[in-house]
Amino acid sequence: MIRTLVADDDPFIRESLRLILGTMPDIEVAGVCADGGEAVRFVREHPGGVDVVLMDVRMPVCDGVEGTRLIREAAPDVKVLILTTFDDDAYIVKALQYGAAGYLLKNVPPDTIAEGIRAVHAGHTLMHPDVARKLAGMLRPAAGDAPAGRKRLADFGLNETERNIVRKIADGLSNREIAQALYLSEGTVKNYITDILGKLGLRDRTQIAIFYLREIAE
């Protein structure tokens, strides 16, 4: 079972998500919260009791972006999936920088939300297609307009396999999919990612994706 915590300041949405997700055979609703601060406290008070946090962005007291940062600091194994009606650029980038594993808009069908929970739990970096296009457009310079400060992956001491893994992470592939694409074991891919994080000075695979889109000229 994927133990999921729902954080949304709208009581109707909270209860709707609780009911919808509760019908899924592989998802258990661990609890519901009205803001990011409550979500952080719940995760801290239930160590090992939450796998995925389904997090709204714009909430009082503590918004979903700050809640994501605090949850990822307190429990790095917990995945955060941002779910919001707002596709604000600053929220997209900041939430992912703080370690959110994905970002969906609330206009998607309930089954898509459940699929998103399963995807981030399995190690995917997940974004609504509209958000993904927006993010790529924001972080990639226009053709022929790359600033001089942008570098290539090889400049960071990454070997060919590591560079291929970074590109595939930026494409949203899971460890299993990367392993299949590169004819490696999943464990080997995990080891490579650990080495990549060390070389790039990053915290998680989501930061690898942002780093590639924003910093690399390829």
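The values are calculated or read from the model by the stated rules, or taken from the named source; none is laboratory data. What you see is a predicted model, and the numbers here were worked out from it, not measured in a lab. All Cβ positions, glycine included, derive from the backbone under ideal geometry; neighbour counts span all protein chains shown.
The set of residues in the range 64-92 that are among the charged types (D, E, K, R), surrounded by fewer than 20 Cβ atoms within 10 Å (Cβ to Cβ) and either touching a strand residue (DSSP E or B) at 6+ places or on another chain (Cβ under 9 Å) or not assigned by TED's automatic domain parsing to the domain that holds residue 43 (or both) contains only 87.
Counting only residues that are surrounded by 20 or more Cβ atoms within 10 Å (Cβ to Cβ) and either of a type in the set (Phe, Trp, Tyr) or on the phi > 0 side of the Ramachandran plot (or both), the range 195-218 holds 2 of them. Every condition in (1) in contact with a Phe, Trp or Tyr (Cβ under 7 Å, 6 or more places away or on another chain); (2) not in a helix (DSSP H, G or I) is met by residue 69 except one, and the failing one is (2). A single entry from 196, 210 fulfils the requirement of being of a type in the set (A, V, I, L, M, F, W, C), in contact with an Asp or Glu (Cβ under 7 Å, 6 or more places away or on another chain) and either in the same structural domain as residue 100 (by TED's automatic domain parsing) or more than 18 Å from residue 122 (Cβ to Cβ) (or both): 196. With respect to the conditions (1) touching a residue at least 60 places away in the same chain (Cβ under 8 Å); (2) crowded, with 19+ Cβ neighbours inside 10 Å, residue 43 lacks only one, and its number is (1). Among the residues in the range 103-112, are any within 30 Å of residue 17 (Cβ to Cβ), touching a strand residue (DSSP E or B) at 6+ places or on another chain (Cβ under 8 Å), at pLDDT below 85 and assigned to a helix (DSSP H, G or I)? Within the range 103-112, not a single residue is within 30 Å of residue 17 (Cβ to Cβ), touching a strand residue (DSSP E or B) at 6+ places or on another chain (Cβ under 8 Å), at pLDDT below 85 and assigned to a helix (DSSP H, G or I). Please go through the range 189-218 and pick out each residue that is more than 22 Å from residue 78 (Cα to Cα) and over 19 Å from the mean Cα position of the chain (by Cα). Answer for the range 189-218, where residues must be more than 22 Å from residue 78 (Cα to Cα) and over 19 Å from the mean Cα position of the chain (by Cα): 199, 216, 217, 218.
When the range 155-171 is limited to residues that are closer than 18 Å to residue 185 by Cβ and at pLDDT 90 or above, the one that is surrounded by the fewest Cβ atoms within 10 Å (Cβ to Cβ) turns out to be 160.
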